[in-house]
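Here, each number is a calculation from the coordinates, and none is a lab measurement. These numbers come from a predicted model, not from an experiment. Cβ placement follows ideal geometry from the backbone for every residue including glycine, while neighbour counts extend to all protein chains displayed.
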Amino acid sequence: MQVGPVIHRYSATDADGRAFSVEVQRDFRYEPFRDFMLCTHCDWDETPRMFQGGQETVQAHLAQAHGADRGFTGSADEGWSRSRRIVGPVLLLLVIVLVAVVQIMR
């Protein structure tokens, strides 16, 4: 199930070395937006009310459902991280220009 862009991935391995992962996808159709945790290996999904504690929920799922309790890691999606690094400075520049225009119009 594809909900929105993947913003974060968690993965862990089991005793045999097989890797299992959970993707965190952001759905912008809701206000405020919602993050969905989706396992790429089974039908498990979770919609946390607040994403604090989400990492523990993912870790518990991977360990209990798949036996993947080794080498737990999490990483932000590269495309998502890159877009945040670009959009933030652009928005800051627009605010500065807007403030300058308002000062000039006075």
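Tabulated data
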read-out: Total formal charge among the other residues, if their Cβ is under 15 angstrom from that of R70, Lys/Arg +1 and Asp/Glu -1; value: -2
read-out: Burial order of peptide ranges 64-76, 85-97 (average beta-carbon count within 10 Å, highest first); value: 64-76, 85-97
read-out: Estimated FRET transfer efficiency (V87, D43; beta-carbon r; R0 22 Å; 0.05); value: 0.10
